[in-house]
Amino acid sequence: MPPAPGNTTSQAITVGSLTKKFGHREVLHGISFGIEKGSVFGVIGPNGAGKTTVMRCLLDIIRPTSGTSTVLGEDPRTAGPSLRRRIGYLPGELFLEGRITGRKLLSHYADISGPVRPGRVDALAERLGLDLDRHTRKLSKGNKQKLGLVQAFMHDPELLVLDEPTSGLDPLVQQEFLAMVREAQANGQTVFLSSHVLSEVQQAADEVAILRDGRIVTVATVDSLRQGAVRHVRFTANGITAADAGALLAGVPGIGHLEVLPAGDGVELSATLGGAIQPLLRVLAGLELTELVLEEPDLEESVLELYGSIRGNGSGQTDADGNGRRRRRRGHGT
Amino acid sequence: MKRPLPLFTRAFVDSWRSTLGWAAGLAAAIFIYLPLYPSIGGSPEMQGMMDAFPPEMIKALNYDQITSGPGYTQATMFGLIGFMLMTIASVAWGAAAVGGDEESGQLELTLAHGVTRTQVVLERALAILARVLLLVSLVFVLILLLTDSAQLNIRPENLLGASLLFAGLTLLSGTTALFVGAVTGRKTYGVAAGAGVGVLGYVFNAVGRQSQEVDWLLNLSPYSWAYGNNPLANGADWAAAGWLWGMSAALVALSAVALSRRDVGT
């Protein structure tokens, strides 16, 4: 949905029909989306979906083949350095090879970006547990990533563009990163981040765009994804036959994968629920329940279904990495 | 507090180890070769040996003037060891400035900050220039200090002119490497192009000096433009100096244009 002209003032990023070709290979096929100022927007998709390409276009590192983009009210293609000083950027592949300490490197980046408050760098490094006095090339992958995050956050930019920001970070630091994102949002900053797994994005983002093969599959709020997501239901009940229980549950909208087993003088039942909870609760209220488990929706699963439906053959489940494990990419800039 | 020329400062200061290494190499070469002049180049035995060598070889190595102080200094320092060391240094810096930085993935992050691509090229080219001038100044000063003790008999104004030609000649290889790196985003291509200019310039000079049938090769050799008239003995050819420096300036400008017009890091 191309954003209507005129609403750009409330949007930090507006992208309309963006395409990008590398040679004859088109990697973005007319992407449109908008990011409200002060919101956290996540883009997820498998490796090679075009997430990095979109972000690089917004920073004028690469130039779109066609389409429009507006970043903080300006065209990144012509706005020049003044616009980029208002942005904090973390590249998807961070290489820091110099024989230089983290502190000196950050001071260099501070020289070519927006003003950095005194003490800000040390505060961020302490939060993330980063030693600034070690040479950058001796840092582990995770510590380099922390340095990249400090670099992106240190000048409190109006817009943060973070390509796979949690890559290489251990879970504790990931939590700290999420806290930093929430603080940035409370500060009025806009955050645009990417990941190839939803679990990294869902805790931080208000809205999520799902990108696949250079197209946006859907843009949805995390809440609506959650509503559309599949929950697992399990219960045991007394005083009902398996057949009756099965018939009763089958009448609830959104119920699938129904399995009913007789247990004692009652039943043990498991199913998935793909819709609202209320109709299920009304049915359950009439039963003599001895146990009930209604799980949190598994967003990962619903997103994988979206990937799969686009692919059309359901192979998305095996191909996309659903366990939250991160796969490293090298040398392909899409 | 913003420092002026942040990219220049980083490129210049961060490479101090490399600069120091090249300076040590050049100084060592000067201290090994030049004090030997009275016992080698200036000795009557040397003239006898020169007469015994094939004239083609003498010309190829620029040893035809080796029995004079300026000729010896030209043939050993400016024409051979110094030329080699400075060309390698300049090409390495030039190829790393944009192509190498892009290939290693670091240019992307720099460009995402508040800089223009033209600024990146110009400041980094300035850092190459500063390092070349620093090393050539060292060469100038050391040779000047050795002139009397090594009986080189070089006039200071000729030494200055030759040093500027030396700087211009080796800088041209570096700016070629910078330009090709900026066009292709590949360090290897930059190194190949920069080294190609240095090596071909040297070979065209060596071959072109052999006979009049091939002396047109001299016109294609930056090495010959710079050194063709023996600047240490006869004074610098300022038009040649202008060409060398002007071409470097043009290559830097073209590098800025090339980098500004293309995608980075793809």
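The values are calculated or read from the model by the stated rules, or taken from the named source; none is laboratory data. These numbers were taken from a predicted model, which means no experiment stands behind them. Note: ideal-geometry Cβ built from the backbone for every residue, glycine included; neighbour counts use all protein chains shown.
Quick look at the values:
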{"read-out": "Test: residue in region A:123-136 that is touching a residue at least 24 places away in the same chain (Cβ under 8 Å), within 14 Å of chain B (Cβ to nearest Cβ) and farther than 26 Å from B:Q119 by Cβ", "value": "yes"}
{"read-out": "Candidates A:V161, A:V233, A:V201 - the one that is outside any loop (DSSP other than H, G, I, E, B), modelled with pLDDT of 85 or more and more than 26 Å from A:S66 (Cβ to Cβ)", "value": "A:V233"}
{"read-out": "Verdict on A:S167 being within 20 Å of A:P46 (Cα to Cα), under 26 Å from the mean Cα position of the chain (by Cα) and assigned to a helix (DSSP H, G or I)", "value": "no"}
{"read-out": "For A:T78: the one exception among (1) surrounded by fewer than 21 Cβ atoms within 10 Å (Cβ to Cβ); (2) closer than 13 Å to A:L58 by Cα; (3) in contact (Cβ under 8 Å) with a residue 24 or more places away in the chain; (4) hydroxyl-bearing (S, T, Y)", "value": "(3)"}
{"read-out": "Single match in B:A89, B:A127 (criterion: under 19 Å from the mean Cα position of the chain (by Cα), within 19 Å of B:V191 (Cα to Cα) and within 14 Å of chain A (Cβ to nearest Cβ))", "value": "B:A127"}
{"read-out": "Qualifying residue in region A:190-199 (condition: touching a Pro at 6+ places or on another chain (Cβ under 6 Å), of a type in the set (A, V, I, L, M) and within 30 Å of A:S32 (Cβ to Cβ))", "value": "yes"}
{"read-out": "Total residues in region A:58-75, condition within 9 Å of another protein chain (Cβ to nearest Cβ) and surrounded by 17 or more Cβ atoms within 10 Å (Cβ to Cβ)", "value": "4"}
{"read-out": "Failed condition for A:P118, given (1) within 13 Å of chain B (Cβ to nearest Cβ); (2) surrounded by 21 or more Cβ atoms within 10 Å (Cβ to Cβ)", "value": "(2)"}
{"read-out": "Filter result (surrounded by fewer than 22 Cβ atoms within 10 Å (Cβ to Cβ) and not hydroxyl-bearing (S, T, Y)) within region A:35-57", "value": "A:E36, A:K37, A:G38, A:P46, A:N47, A:G48"}
{"read-out": "Test: residue in region B:65-83 that is surrounded by fewer than 18 Cβ atoms within 10 Å (Cβ to Cβ), within 14 Å of chain A (Cβ to nearest Cβ) and either small (G, A, S) or assigned to a helix (DSSP H, G or I) (or both)", "value": "no"}
{"read-out": "Scope region A:203-220; condition within 11 Å of the chain's Cα centre (by Cα) and closer than 22 Å to A:A184 by Cβ; matching residues", "value": "A:Q203, A:A204, A:A205, A:D206, A:E207, A:V208, A:A209"}
{"read-out": "In region B:1-57, the residues that are within 14 Å of chain A (Cβ to nearest Cβ) and in a loop (DSSP other than H, G, I, E, B)", "value": "B:M1, B:K2, B:R3, B:P4, B:L5, B:S15"}
{"read-out": "Selection within region B:101-130 - crowded, with 24+ Cβ neighbours inside 10 Å, of a type in the set (G, A, S) and part of a helix (DSSP H, G or I)", "value": "B:A125"}
